[in-house]
Amino acid sequence: MSSSRWRSQTTKVISPQQNNRHNETETPRKNIKKSWFASATSKSCGLRWKTRLLFGGAITSLVAILYTTASTVLLSSLEKVEIEETYRNVEGFLDAFAQTQEEFSLRLADWAIWDDTYRFVQDRNQDYINLNITLDSLQYLQINAAVFLNNKNQIIYSVGFDVEKNQKTSIPISLEHYIINNKNLVQHSKANSSLIGVIALPQGPMLIASRPIVNSRGEKPIRGTLVFGRYLDKTKVATLATKSRLNITIRSLNQTLPPDFQTALSESFKNHRIFVRPICDRVVAGYALLTDVEAKPVALLKVETPRIIYQQGITSLSYLLLLLVSIGLVFTGVTLPLLERLIFLRFERQEQEERYRAVVAQASEGIFLIDAETKVLLEANIALQNLLGYSDTEILQLTLYDIVVGDRDLINADLEHISAKDYNFTREYKYLCEDTSLIDVEASATQILYNEKDTYCIVVRNITERKKVENALRESEKRLSWQASHDSLTELVNRREFEQRLAHVLESAKTEGTQHALCYLDLDQFKIINDTCGHFAGDRLLCQVSVLFQNRLRKTDVLARLGGDEFGIIFYQCSLEQATRIAEALRQQISEFPFIWKERIFSVTTSIGIVAINADTPNLASVLSAADAACYAAKNKGRNRINIYQPNDLEIAQQRGEMQWVSQIPKALEDNRFCLYYQEIASLTDTSNQQHGEILLRLKDENDQIVLPMAFIPAAERYNLMHLIDRWVISTLFAYLAQLQADSDRTIYAVNLSGASINDESFIDFVQTQFTYYQILPSRICFEITETLAIANLNKAASFIRKLKKTGCYFALDDFGSGMSSFAYLKNLPVDYLKIDGSLIKDIVEDAIAYSMVEAISRIATVMKLKTIAEFVENEAIQAKLRVLAVDYAQGYGVAKPKPLDLVHGLQISSD
């Protein structure tokens, strides 16, 4: 704000009762003011003459400085322009000279690749010379020498030519010696090579060109070399000067050089190929070295340029001096009358500034003034110096831009806003301290008049601590918000956030008619890796797979981890076909991804279900259920594939029904609706009296109908319920066996174990506790694990088997030969029985390959002292084959069908 506005804001209103006292004190104030004015007038008269002398001297000095500066700058600039122009002239001539060299070389090329020349070098036919090397041809070529050499670098023919006399001569001895002694000139390794340059001869500089002699197709072998030469005499130089419109002189370095050439040669070309210098006030000369074919300097070129511009500049300076003197006189006459007024105002302003400084210096807040135009700090109080860490002299060397952190345009916009609105402006900024640290401040600024200049007065308060608290609160809110919507392991969107975004997508599909797609992905081998290698390996796999998914998706797609090894993707504004293509790319990328854990490599695949989202999609629950069912269908069809949801797909409908087991299995355990069945395993040898049987699992539904395990086991495995079922089977079986008399039953009961139990660290303790509690002999129990499960984590499986075998129980390797059989694994697995997979057993009668495979397994088992059990034995013919192959036991409908365990011994099964 201006000083007048400052006074209006600080004026007090005087009431009528105070008016008398105000008038009484007004008279002494007027007398003081008159006395101060008289003192100021006396001081101004004494300064008037001093000011006039100083002002006159200043004007005179200014005119002298301006003239000197202008003359120096102008003349140096003009000289620079002339030097640059001369430099360009030299470059232009060198370019023209290079073009002349090229044209000269091209003339030579026509002769060098001529078949007649090619033959002449070989047979030296005189007719070639008589017909071609004529006065007319030499005059046309404008050459002074032509030399033909064979491939042994021997001159077979040479001719000189005097262009002015139009007569043949012999070539100079010096040229002949130069050609013979210069191997680079006469030896060409390529058919299309050429050399051109200037050489120094006693007769003067000569332009010389050399090309290999080849046939008209430019093919090797090279028969020799053809050399043309042309003197750069006065006539040729004059022609080049006329063509380039320049004053040109060329001097050979083997001749006596004029003084200016010698100076240029000694002082130039140290760092540049062109040297330019003024010779006098009227001429600027440029020099350049001309090199021979070996890039050695042989001649010196001089180009002269008249200094027309420089002469015009000297004339202009005379007029400039006259103009500056006139301006100085006029300015002096106009300015002096104002000085007296300015001196008076200076004293008044000085008093106001002293009052201002007294107030500002004692303020606790940082206060400073900046120039409105330059933004330089004019004043700064001690509080600001302490705040920023600058001394009083250092801080006044700064500008506002040195203190305020931010874009300069934004800072200028704030200052313009203050000027336009004419009121106090407050905003938060970051200020840069002397030690490069940053502090947060709240700055209030207003515009005032200071020393007759527009100035901004800025008051700052340190709010760093307050901002730290605010930032900490904001970061905490962001962190809590992020944690509420993201998975902590993969940092992907979690199920809650995913379903919220999916709800918005469903809404847009209904209101805007857009098409989207929902994708469910389930890792096929995750359970094996997680169970066999541990949860840390499973977590690493999930993180790596998440990165692979993100790299393939679009920016608009939403990827989430829904739980366990399940992922979800929302393809925003994406057709079903496009979503299928993207999903296929993801499936293929995962299938090609090798997961490496502790020097073991696992192949990973994914099953994917996709459902379209459009205006007909009912609600969130239905689309989630459809995607999950489609994913289940893909897994049941063989895994590592994509299944697109169709409302009328019977298989998906079946899968969705299967998913209901997730809630029914815990309830069935609670209601004790699981039941045990027994299937006899018969001995195929007459020497064995040991009885065997396998414990099978069934489920009674709410209508007391028996449900086979394949209906609910997949759901139990997928949703981590198998360990509960395994423990129920063991507890129920042991409770049943405890009811039998110790001597009445010596049967070995085979019990299947899942991967979840093998990876359960507390499972072995549970089994030992059950043995102790029910007083069951461990030798009556044979635990079965599948070959696939054992091989997936061989070390863990072997350790698990050894620990349980120490208690005295047996172990069988189930489904041996189902796909990944390797006899090498058997050496590391301390099992007692091999159960040969039924897919081999059922075909051994007709299939010779199956027969041989079973035979091999039986032989290896015999060598390793393992008992063999054949599964899926359905008739006597298979049993006969098995006896021939020396298989020990048989199991299947051809031996005995499964029956409830309580019917085997007539006891009722009870479970704690």
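Against the main long axis of the alpha-carbon atoms of the chain, helix 661-671 sits at an angle near 40°. Computed from Cα atoms, the angle from the helix 763-774 axis to the main principal axis of the chain rounds to 20 degrees. Each residue was assigned an accessible area with a 1.4 Å probe, and for residue 466 the value is about 100 Å². With the helix formula -39500 (n - 2.57) applied to DSSP H stretches of n ≥ 4, the chain reaches a computed 222 nm mean residue ellipticity of -16000 deg cm²/dmol. Roughly how many whole Å is it from the C-alpha centroid of the stretch 664-723 to that of the stretch 165-232? If we compute the Cα centre of each part, the gap is 104 Å. Using a cutoff of 8 angstrom between alpha carbon atoms and counting only pairs six or more residues apart, the relative contact order for the stretch 89-305 works out to 21 percent. Protein-only accessible surface at a 1.4 angstrom probe places the residues 662, 493 in the order 662, 493, largest first. Label sites at residue 96 and residue 859, each approximated as a point 7 angstrom past Cα along Cα to Cβ, lie 10.1 nm apart. Between residue 397 and residue 88, the FRET efficiency from the beta-carbon distance, with R0 = 35 Å, is close to 0.20.
For the stretch 358-468, the alpha carbon convex hull comes to 105 Å³ per residue, rounded to a whole number. Projected over every direction and averaged, the convex hull enclosing the alpha-carbon atoms of the chain yields 82.6 nm². Ordering 780, 282 by accessible surface, largest first, gives 282, 780; the 1.4 Å probe counts only protein heavy atoms, with every chain in place. A 1.4 Å probe run over the stretch 485-647, with the rest of the protein chains in place, finds 44 Å² accessible per residue.
Report the accessible area of residue 436, computed with a 1.4 Å probe over the heavy atoms of all protein chains in place, in Å² rounded to the nearest 10. Its heavy atoms expose roughly 110 Å² to the probe. Here the calculated FRET efficiency for residue 216 and residue 187, from their Cβ-Cβ distance with R0 = 22 Å, stands at 0.50, rounded to the nearest 0.05. Applying a DSSP loop filter and a limit of 14 other Cβ atoms within 10 Å to the trypsin sites (Lys or Arg not before Pro) in the stretch 817-883 leaves 827, 865.
Rolling a 1.4 Å probe over the heavy atoms of the protein chains gives the stretch 89-305 an accessible area of 50 Å² per residue. Round to the nearest 10 and give me the degree value, 0 to 90, for the angle of helix 722-739's Cα axis relative to the longest principal axis of the chain. In the chain, helix 722-739 runs at an angle near 20 degrees to the longest axis. Ellipsoid semi-axes for the stretch 766-912, based on the Cα gyration tensor and the rule √(5λ), read 28, 22, 12 Å when sorted largest first. Nonpolar atom fraction for the chain, defined as the carbon and sulfur part of the 1.4 Å probe accessible area, stands at 52 percent. Put simply, the Cα atoms of the stretch 659-905 extend 49, 43, 38 Å along their principal axes, the longest span coming first. Each residue of the stretch 549-562 is assigned a 3J(HN,Hα), and the resulting list reads 4, 4, 5, 9, 8, 7, 5, 7, 6, 10, 10, 9, 9, 8 Hz, derived from the Karplus form 6.51 cos²θ - 1.76 cosθ + 1.60 (θ = phi - 60°), x at Gly and Pro.
Amide H contacts of residue 750 (H built 1.01 Å from N, in plane; Pro and chain starts excluded): 693, 694, 695, 782 sit under 5 Å, all sequence-distant by 5 or more or on other chains.
When DSSP assigns beta bridges and you keep just the ones with both residues in the chain, what percent turn out antiparallel, to the nearest 5?
For the chain, the DSSP antiparallel bridge percentage is about 80.
Does a label point 7 Å from the Cα of residue 315, set along Cα-to-beta-carbon, have any residues of the stretch 54-78 with amide nitrogen under 17 Å, and which are they? Only 75, 78 pass the distance filter. A 23 angstrom limit on the alpha carbon distance is what I want to check against. Which of 598/827; 805/865; 700/867; 635/796 exceed it? Among 598/827; 805/865; 700/867; 635/796, the Cα-Cα distance tops 23 Å for 700/867; 635/796.
When 190, 168, 302 are compared by accessible surface with a 1.4 Å probe, the order from highest to lowest is 190, 168, 302. Please report how far the C-alpha centroid of the stretch 617-645 lies from that of the stretch 753-786, rounded to the nearest whole angstrom. Centre-to-centre distance over Cα atoms comes out at 36 Å. Residue-normalised convex hull volume from the C-alpha trace of the stretch 89-305: 125 Å³ per residue. The calculated Kirkwood hydrodynamic radius for the stretch 47-140 is 20.2 Å, given to one decimal from all distinct C-alpha pairs. Rounded to the nearest whole Hz, the Karplus-based 3J(HN,Hα) values (6.51 cos²θ - 1.76 cosθ + 1.60, θ = phi - 60°) of the stretch 173-180 follow the sequence 4, 4, 5, 4, 4, 4, 5, 5, with x at glycine and proline.
Under the criterion of Cα pairs below 8 Å and six or more residues apart, the relative contact order for the chain equals 6 percent. The gain in end-to-end length when the residue 614 to residue 438 segment is fully stretched comes to 58.1 nm, 0.36 nm per residue minus the alpha carbon separation. The accessible area of residue 504, taken with all protein chains in place and a 1.4 Å probe, comes to roughly 130 Å². Each Cα pair under 8 Å and six or more residues apart adds its separation to the average, and for the stretch 104-195 the resulting relative contact order is 18 percent. The alpha-carbon of residue 243 sits under 23 angstrom from the alpha-carbons of these lysines, leaving out residues fewer than 8 places away in its chain: 234, 302. A full extension of the chain between residue 416 and residue 794 corresponds to an added length of 128.4 nm, given 0.36 nm per residue minus the alpha carbon distance.
The values are calculated or read from the model by the stated rules, or taken from the named source; none is laboratory data. All values derive from a computational prediction rather than experimental measurement. Cβ: placed from backbone, ideal geometry, glycine included. Neighbour counts: every protein chain shown. Ligands, DNA and RNA are excluded from the accessible area calculation, which covers all protein heavy atoms including side chains. Shrake-Rupley method; radii C 1.70, N 1.55, O 1.52, S 1.80 Å.
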